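**Q** Before I ask anything, let me first share the structure, which is written out below as structure tokens.
What follows is calculated from the coordinates using simple rules that are stated; it is not laboratory data. None of these values were measured; they are calculated from a predicted model. A quick note on method: Cβ atoms are made from the backbone with ideal geometry, for glycine too, and the neighbour counts reach across all protein chains shown.
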Amino acid sequence: MNHKVAFSFADGKTLFFPVQPNEILLDAALRNGINIPLDCREGVCGTCQGRCESGDYSQDYVDEEALSSQDLQQRKMLTCQTRVKSDAAFYFDFASSLCNAAGPDQLRATVTNVKQVSASTAILHLNLGNAGQSLDYLPGQYARLLIPGTENKRSYSFANRPSASNELQFLIRLLPDGVMSNYIRERCQVGDEIALEAPLGAFYLRHVARPLILVAGGTGLSALLGMLDELAERGCEQPVHLYYGVRDAADLCEQARIQAYEQRIPGFRYTEVVSEPSPHWTGKRGYIAEHFDVAELRDGQVDMYVCGPPPMVESIKTWLLAQALDNVQLYYEKFTESNA
């Protein structure tokens, strides 16, 4: 059985292709039109170096001048010497254009449902049933949607994991007068056709070998729901703690879905924080970093994924620095809501 492999690049593009059993990864990439930079092809020069972000693999030979022992511990690899043993994802610290690789797929989807799930958020369901094949993306990545009736595009993270049914979900922040917000409120109908480009983005779930802290601000929850769906589906042996922050309690959404992860993911914890609550709110108040479990973060190595508005992301980066938590590997994505 072939393995499905993803190559992600520094420009945010991701390419998927099949790899045959025991096939050298470089050979499979070249066979699929992905021309990874290379030189010696003997594990010596290091030109085809990347890093395995997820999955199992082995390497035939790696010269110590190409990759040090520390590099190997960090799951760095040489494409010309790698054989994958499972579905896997690899990252390369250069633009996809160096590989003469095509950009994201241009697709057309159909609206199957749209529902307001909080005072300020809607969830948009699309289906790519006529795309001819399943859309591959890494949980946490996003798509760029062309808003019907306009020439405007907006980017939204997938709120679910990839599936053979090609069902896609996106959390949409409803602004007072935004192009997408107005479309959702005023014109969006089941059966509408929406063009999109996908997959995009370098924020995605990596290999899970350490406890996970997931931090969402507002509709940044969308990317983390995709990750949680993936963890629930494939199993996770590490504890997972989701922090979800919003301005007002009325902005909280998908709470039943989040609570269901307690049954699907062993060791799952959930903390919600409201920054500007009403007097009736009895839960946690203020900003997310004020409620981090410091003991949890200091107890060994931890991976933290943060997705939300730039001020939230920056405040968490500053907090981690002030706490000298260099044992925390931080992955983050900032998003800025458009007012147009």
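**Q** What full-extension length gain, to one decimal in nm, is calculated for Q73 and D177 as 0.36 nm per residue of separation minus the Cα-Cα distance?
**A** Working: separation 104, 0.36 × 104 = 37.44 nm, distance 4.94 nm.
Length gained between Q73 and D177: 32.5 nm.
**Q** Now a separate question. Let a ≥ b ≥ c be the square roots of the eigenvalues of the Cα gyration tensor of segment 3-99; is it rounded (a/c under 1.5), or, if not, prolate (a/b larger than b/c) or oblate? Mind showing how you got there, number by number?
**A** Working: a/c = 1.36, a/b = 1.20, b/c = 1.14.
Rounded, since a/c falls under 1.5.
**Q** While we're here: Using the charge dipole of the chain (Lys, Arg: +1 at Cβ; Asp, Glu: -1 at Cβ; taken about the Cα centre), state which of I36, F92, A143 has its Cα farthest towards the positive end.
**A** Highest projection toward the positive end goes to A143.
**Q** Let me ask something else about it. Which loop-located GluC sites (Glu not before Pro) does segment 190-249 contain, where loop means any DSSP state but H, G, I, E or B and the Cβ has at most 14 other Cβ atoms within 10 Å? Show your work: numbers first, answer last.
**A** Details: sites: E193, E197, E230, E233, E237; in loops: E237.
The qualifying sites are E237.
**Q** Provide the net charge surrounding Y183, with neighbours chosen by a C-beta distance below 14 Å and charges set as Lys +1, Arg +1, Asp -1, Glu -1.
**A** On the way: positive: K153, R154, R173, R185, R187; negative: E151, D177, E186, D192, E193.
Overall, the nearby charge balance is 0.
**Q** Continuing with this model, one more query. May I ask which residue of F203, C236, G129 lies farthest towards the positive end of the charge dipole of the chain, with charges of +1 (Lys, Arg) and -1 (Asp, Glu) on Cβ and the Cα centre as origin?
**A** Selected residue: G129.
**Q** Taking the Cβ-Cβ separation of E290 and D93 as r and a Förster radius of 30 Å, what is the calculated FRET efficiency to the nearest 0.05? Walk me through the numbers on the way to the answer.
**A** Details: r = 35 Å, r/R0 = 1.15.
It comes to 0.30.
**Q** With +1 on the Cβ of every Lys and Arg and -1 on the Cβ of every Asp and Glu, and nothing else charged, how large is the dipole of the chain about its Cα centre, in debye rounded to the nearest 20?
**A** Working: 30 positive and 42 negative charges, 129 e Å.
Using only the charged Cβ atoms, the result is roughly 620 debye.
**Q** Once a ≥ b ≥ c are taken as the square roots of the eigenvalues of the Cα gyration tensor of the chain, is the result rounded (a/c under 1.5), prolate (a/b larger than b/c) or oblate (a/b not larger than b/c)?
**A** Working: a/c = 2.06, a/b = 1.30, b/c = 1.58.
The shape class here is oblate.
**Q** Moving to a separate point now. Just the number, please: percent antiparallel of the DSSP beta bridges in the chain, rounded to the nearest 5.
**A** 60
**Q** Which net charge results for the neighbourhood of S120, defined as the other residues with beta-carbon distances under 9 angstrom from its beta-carbon, given Lys and Arg at +1 and Asp and Glu at -1?
**A** On the way: positive: R173, R247; negative: D248, D251.
Summing Lys and Arg as +1 and Asp and Glu as -1 gives 0.
**Q** For segment 76-138, which trypsin sites (Lys or Arg not before Pro) pass both filters: DSSP loop (anything but H, G, I, E, B) and at most 15 other C-beta atoms within 10 Å? Before the final figure, lay out the partial values.
**A** Numbers: sites: K76, R83, K85, R108, K115; in loops: K85.
Qualifying residues, ordered by number: K85.
**Q** Continuing with this model, one more query. Can you give the Kirkwood hydrodynamic radius for segment 202-340, in Å, rounded to one decimal and based on Cα pairs? Please list the in-between numbers first.
**A** Working: mean 1/r = 0.0651 Å⁻¹.
When all Cα pairs of segment 202-340 are included, the Kirkwood radius is 15.4 Å.
**Q** Still on this structure, I have one more. At a Cα cut-off below 18 Å, give the lysines reachable from K153, other chains included and same-chain residues fewer than 8 away excluded.
**A** Answer for K153, where 18 Å is the Cα cut-off: K13, K334, listed by chain and number.
**Q** What are the residues whose amide H is under 5 Å from the amide H of V215, where those residues sit 5 or more places off or on another chain and H is modelled from the backbone?
**A** Y243, Y305, V306, C307
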